[in-house]
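The values are calculated or read from the model by the stated rules, or taken from the named source; none is laboratory data. Values in this document were obtained by computation on a predicted structure and should not be read as measured data. All Cβ positions, even for glycine, are placed from backbone atoms using ideal geometry, and neighbour counts span all protein chains on display. Areas reflect the complete protein model, heavy atoms only, side chains present, ligands, DNA and RNA absent. Shrake-Rupley method; radii C 1.70, N 1.55, O 1.52, S 1.80 Å.
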Amino acid sequence: MLTYLKTNNYILFISSFILVFFLIGCNSDKKSDSSSKAQKIYTNPVATDDFFQEIGQDIGLDFVHSIGADHLNNIIESVGGGAAFLDYDQDGYIDIYMCSGTWVEGFSKSDEPDELPKNHLYRNNKDGTFEDVTKKAGVGGPWYSMGITVGDFNNDGYPDLYVSNNGPNTLYKNNGDGTFKDITKQAKIGGKECSVGAVWLDYDNDGLLDLYVGNYLNFDPNYKYYYAPDGFPGPLAYDSQKDILYHNNGDDTFENVTEKMGIIDIDGRAMGVGAADYDNDGFVDIYVANDHTVNFLWHNDQGKGFTDMGVMSGTGFSQSGEATVSMSVDFADYNGDELLDMFISDDNYCSLYENLGNGIFSDKSYFSGISVASGQFVGWSSSFFDYDNDGDVDIFKSNGELKHTYGQEDQLFENIGDGKFTDVSVERGPYFREENVGRGACLGDYDNDGDIDIFIMNLDSQGMFLRNNQGNQNNWLTLNLIGESSNRDGVGSRIKIIAGGKVQTAQKKSTTGYLSQNDSRVHFGLDKVESVERLEIKWPSGKFQVLENIKPNQILTVKEPQ
């Protein structure tokens with residue numbers, strides 16, 4: 001009996017010792033994990049020999065887009081999301097806002113997750129890294145978000161956010177202290193539609209930014225008739241929704257002036273929306289890239305109304321005369337004739353429209369060399385930009401499958417002159433050999449080093465950030481415009497520079513590409529030119545400003561003359 005008790009006590013002692021040791025070990029591991037997570041430090045990686053280097057997770061951009069479900073189940077989940085570069089705190093360095101889908105009861109075909117996905121705002125730390133400030137800023141949003149457009153609608157010097165959602169949209173007013181206030185109901189600008197693209201513009205040149213919202217379709221989750229390999233019904237299975245034009249009243253409220261201004265959207269399913277003065281008459285026009293239906297080119301009739309010139313201008317259909325799955329639009333003078341041209345990305349050959357003047361365009365996609373290279377891809381966000389600062393604009397295009405989460409390589413087209421482009425993607429970094437399900441993308445100089453970097457949104461996946469390592473080997477000039485009589489952002493300003501005998505023309509825009517917005521500063525590559533001989537700015541107010549003999553390699557702030 002005594003032996004039995006001694007044995008049991010010994011076993012109990014050993015068991016207790018093992019248990020205590022195990023608990024200490026577990027707590028030590030938890031403490032170590034927590035400490036490690038709290039002390040995680042992001043650094044700006046040393047540049048490689050690649051022109052573009054993917055560094056997103058190294059610098060704190062850990063955003064992962066979500067469709068809000070375990071699998072891609074419908075057309076709404078397929079078409080998000082966008083991102084924007086903006087300097088929300090006005091410290092001279094651009095920050096980044098990213099849109100995500102989320103789980104929605106009765107819509108998402110999966111169980112509700114423990115933590116709902118949301119939009120994110122990352123602050124630029126000015127050392128090449130970012131910090132997630134979503135919670136502090138109050139801009140996470142409760143809705144299923146598609147895209148973002150940024151504009152200082154109240155001219156207080158701080159950029160405001162308009163987020164397009166599947167459901168009520170959101171207007172975040174920038175408080176100027178690092179936080180935002182949701183004033184959607186007060187502003188009467190929410191709506192109940194499925195909005196995808198939207199763009200800020202001052203259509204009547206009254207010094208206040210107005211808003212065009214592109215609406216998509218009336219999604220019916222109960223509609224089940226479709227071709228099985230497609231996975232789910234396409235956009236033409238649902239009725240379209242009409243776009244809306246909001247006029248800024250100047251008191252933090254807006255008025256729906258769609259019908260008043262003659263915008264009759266019969267059967268458009270808006271995807272990307274952009275605005276620029278294509279005929280240089282002093283009033284900004286609107287282009288709507290529609291899904292499977294004719295595209296709209298709303299010509300601004302001196303701020304008194306709009307007329308659709310899509311078909312008449314030659315920009316309503318593709319080069320084959322068909323309505324395509326159009327995604328996004330961007331404007332630039334790619335051939336140096338001082339006329340703004342357009343690039344429309346779609347599900348195959350894309351459209352590069354050369355502006356011939358007098359309101360007429362010619363599709364040069366095949367002639368330029370873009371169509372053949374694009375034919376195997378589904379193009380989403382596309383932007384003109386001078387990636388190598390050689391003095392002419394190139395094109396970046398994100399790609400990804402339509403109805404499946406199949407990856408495709410993104411593309412970079414270099415402008416080689418004489419109206420021609422060549423695909424240099426794989427020569428500019430290993431990223432361009434990767435397959436991702438690309439959607440929105442925003443471009444900008446995040447480190448103020450004079451060349452343009454790229455952030456790409458990937459559907460239901462990790463976003464990618466491409467740092468430009470070599471573009472600033474050529475000279476450059478970046479303009480930060482501040483309107484006085486015009487809207488504070490100077491949106492709609494037309495800019496011309498003469499450097500080394502070469503003329504470059506650009507326009508200050510808000511939304512660029514698919515559901516996204518680029519750096520609000522206007523960037524010019526100058527090649528090896530040592531001085532900008534002349535800089536001309538035609539402000540929306542009609543004021544004309546000239547600066548001469550400007551040194552390159554600087555970010556120049558230009559205020560509209562009083």
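Overview of values
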item	result
Any hit, the stretch 38-57, residues being at pLDDT below 50, small (G, A, S), assigned to a helix (DSSP H, G or I) and surrounded by fewer than 18 Cβ atoms within 10 Å (Cβ to Cβ)	no
Hits in the stretch 118-136 (condition: of a type in the set (D, E, K, R) and either crowded, with 24+ Cβ neighbours inside 10 Å or not in a strand (DSSP E or B) (or both))	K118, K126, D127, K135, K136
Contacts under 7 angstrom Cβ, first residue in the stretch 388-404 being in contact (Cβ under 8 Å) with a residue 24 or more places away in the chain, partner open to solvent by 40 Å² or more (accessible area, probe 1.4 Å) and not in a loop (DSSP other than H, G, I, E, B), 6 or more apart	N389/N472; N389/D527; D390/D527; G391/K502; G391/D527; K403/D230
Among (1) modelled with pLDDT of 95 or more; (2) farther than 30 Å from I555 by Cα; (3) not hydroxyl-bearing (S, T, Y), the one test that A83 misses	(2)
Which listed residue, of G303, G314, G310, is on the phi > 0 side of the Ramachandran plot and buried (at least 19 other Cβ atoms within 10 Å of the Cβ)	G314
Matching residues in the stretch 508-553 - criterion: being surrounded by fewer than 16 Cβ atoms within 10 Å (Cβ to Cβ) and either among the basic types (K, R) or under 17 Å from the mean Cα position of the chain (by Cα) (or both)	K528, R534, K551
Subset of the stretch 360-409 (residues that are closer than 27 Å to M146 by Cα, part of a strand (DSSP E or B) and among the β-branched types (V, I, T))	I395
Hits in the stretch 365-391 (condition: surrounded by fewer than 22 Cβ atoms within 10 Å (Cβ to Cβ) and within 16 Å of T505 (Cα to Cα))	D390
Test: residue in the stretch 338-354 that is surrounded by fewer than 20 Cβ atoms within 10 Å (Cβ to Cβ), farther than 27 Å from N215 by Cβ, touching a residue at least 60 places away in the same chain (Cβ under 8 Å) and of a type outside the set (D, E)	yes
Close pairs (6 angstrom Cβ cut-off, 6 or more residues apart or separate chains): closer than 13 Å to N175 by Cα and in a loop (DSSP other than H, G, I, E, B) in the stretch 137-156, of a type in the set (D, E, K, R) and open to solvent by less than 10 Å² (accessible area, probe 1.4 Å) anywhere	F153/D160
Top-ranked residue of the stretch 336-355 - restricted to ones that are part of a loop (DSSP other than H, G, I, E, B) and within 23 Å of the chain's Cα centre (by Cα), ranked as modelled with the lowest pLDDT	N348
Hits in the stretch 295-335 (condition: touching a residue at least 60 places away in the same chain (Cβ under 8 Å), touching a strand residue (DSSP E or B) at 6+ places or on another chain (Cβ under 8 Å), part of a loop (DSSP other than H, G, I, E, B) and not hydrophobic (A, V, I, L, M, F, W, C))	D333, Y334, N335
Residue match in the stretch 182-193 (condition: crowded, with 23+ Cβ neighbours inside 10 Å and more than 16 Å from Y246 (Cβ to Cβ))	no
Options N205, N165: the member that is more than 23 Å from the chain's Cα centre (by Cα), closer than 21 Å to T512 by Cα and buried (at least 17 other Cβ atoms within 10 Å of the Cβ)	N205
Search result, residues across the stretch 103-130 that are under 23 Å from G82 (Cα atoms) and of a type in the set (S, T, Y)	S108, Y122, T129
Out of G525, G501, sole residue that is closer than 20 Å to N475 by Cα and at pLDDT below 95	G501
Long-range neighbours under 7 Å by Cβ, at least six apart or interchain, first residue closer than 20 Å to S486 by Cβ within the stretch 247-263, second in a loop (DSSP other than H, G, I, E, B) and open to solvent by 10 Å² or more (accessible area, probe 1.4 Å)	N248/L208; G250/L208; D252/N154; F254/K188
Filter result for F361 (more than 20 Å from T293 (Cα to Cα) and among the hydrophobic types (A, V, I, L, M, F, W, C))	no
Selection within the stretch 460-499 - over 20 Å from A84 (Cβ atoms) and free of Cβ contacts under 8 Å to residues at least 60 places away in the same chain	I495, I497, I498
Search result, residues across the stretch 504-540 that are of a type in the set (S, T, N, Q) and either more than 17 Å from D202 (Cα to Cα) or in a loop (DSSP other than H, G, I, E, B) (or both)	Q504, T505, S510, T512, S516, N518, S520, S531
Single residue of D127, D114 found to be at pLDDT 95 or above and charged (D, E, K, R)	D127
Total residues in the stretch 58-71, condition surrounded by fewer than 20 Cβ atoms within 10 Å (Cβ to Cβ) and modelled with pLDDT of 95 or more	3
Listing of strands (runs of 3 or more DSSP E) fully contained in the stretch 412-503 that carry 3 or more residues being open to solvent by 10 Å² or more (accessible area, probe 1.4 Å)	420-423, 475-482, 494-499
In the stretch 92-117, the residues that are of a type in the set (D, E) and surrounded by 14 or more Cβ atoms within 10 Å (Cβ to Cβ)	D95
